[in-house]
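The values are calculated or read from the model by the stated rules, or taken from the named source; none is laboratory data. What you see is a predicted model, and the numbers here were worked out from it, not measured in a lab. No Cβ is skipped: glycine too gets one built from the backbone with ideal geometry, and neighbour counts run over all protein chains shown.
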Amino acid sequence: MSRLALAYRLLGLVLLLLTGATGCQKGPNSPTTGPPITVTAKTPRLQEAGNGKVRWPVAGFHDAIIVSSNTAGVPDSPTTYDLWDPASGTLTAIPGWQTAPGGRERIIGSWDDWVLVELYLSSSSEQFSFALRNLGTGEIRNVKMGANPEPPQIADGRVVWISDAAAAQEIHVYSLATGGEETIRLAPEFNAFGVGISGNRLAWFEVKDGEPGRIVTLDLASGATTGVPLPASVHGLFAVSGDGRYGATDKHDRTPGVFVFDSTTQKTTRLLDTRTGDLWIRGSYVIWEVEQDQHVAGFYDLKRRELRLVQRRSGSMPFTTSVFGNWFVWSEMPNPPPPTVAGGGMPVGPDWYYYALKLGP
């Protein structure tokens, strides 16, 4: 579970005690359920381990997916990267890109030809920065992020993130076109989470001690700010859509699950009755961390207001899930799972795959 997920667990408990959890009169809505996501002979797939490498899809890039690879059985081996095209099945190496010995990095996402990479100077480093790699021109930019930042997000020509400053939190907006950075200083009594961006609109969730949280949107062109308070039944948000309309949370009143709050209609939709870990909003899709005692995988389409779930197959169960650009990607593991190996973890067998589903426009 990430530091953000843990913070929301504590925040939800505090707000529950403060508000008394009065809730909505009619309770959450039920989503429209689309057809199950199934594996067929035509389903695009990528073998998790092959040619001495262990692979992980990490980000979308145009119509393809960036895949990181490490030498199997060697945790500190340099990471290399490939482009996987699920439509054709091809896997193409990205030349000249691998981590330095002992270095760590995490791919966050991409926009146009730019790939956003969160950097860690060493395995024990707490100094955060990010790099921007242009896979078309080869240009690399390095930008410092400040203290205790949330993971940055990239969309519509900008990178945004939240960091701590001496007196209060700050939201940073970095322009890919100019290389300039704008800093938005928040009032010291507020804590902000889950910043996102869509066009010229910036959105985040913020909370003040003793008060319900709210979704805040900022028009970067005009400077106009709008705040929409959350109902008492919604105890904090893990993620906010870039336009500020939707938020995702793991609790409604006293009931755990996966929920989506619509700030325009003030209605909440229950996606799952099961608990989960992290929640994310990727473009128009809500996804969740697959809990290993539940194995419920899928996504919720905010445009279609449709929930789609991976159908369990005999002898296997969903393991990981994400949305990368125009693709929904999930992996499966054997059921029952294999025994763990020394040092933790499970051995990846030759029949372990990532599967991909093309998402609609």
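For the reader, a short list of remarks on this structure follows.
- Residue in segment 188-197 that is of a type in the set (Asp, Glu) and in a strand (DSSP E or B) present: no
- Checked against (1) polar (S, T, N, Q); (2) farther than 28 Å from Leu83 by Cβ; (3) surrounded by fewer than 21 Cβ atoms within 10 Å (Cβ to Cβ), Thr320 passes all but a single condition, namely (2).
- Considering segment 228-256, and only residues there that are of a type outside the set (Lys, Arg) and surrounded by fewer than 22 Cβ atoms within 10 Å (Cβ to Cβ), the residue that is modelled with the lowest pLDDT turns out to be Asp253.
- Qualifying residue in segment 275-287 (condition: surrounded by 14 or more Cβ atoms within 10 Å (Cβ to Cβ), in contact with a Pro (Cβ under 6 Å, 6 or more places away or on another chain) and within 30 Å of Ala87 (Cβ to Cβ)): no
- Test: residue in segment 254-268 that is out of contact with any Pro (no Cβ under 8 Å at 6 or more places or on another chain) and closer than 20 Å to Ile108 by Cβ: no
- Residue that is farthest from Thr265 (Cα to Cα), among those in segment 208-227 that are among the hydrophobic types (A, V, I, L, M, F, W, C) and surrounded by 19 or more Cβ atoms within 10 Å (Cβ to Cβ): Leu218
- If you filter segment 90-110 down to residues that are in a strand (DSSP E or B) and hydroxyl-bearing (Ser, Thr, Tyr), you find that the one that is nearest to Trp161 (Cα to Cα) is Ser110.
- Among residues of segment 227-252 that are in contact (Cβ under 8 Å) with a residue 60 or more places away in the chain, those with a beta-carbon under 7 Å from a residue that is basic (Lys, Arg) at least six positions away or on a different chain give the pairs His235/Lys251; Gly242/Arg201; Asp250/Arg275; His252/Arg270.
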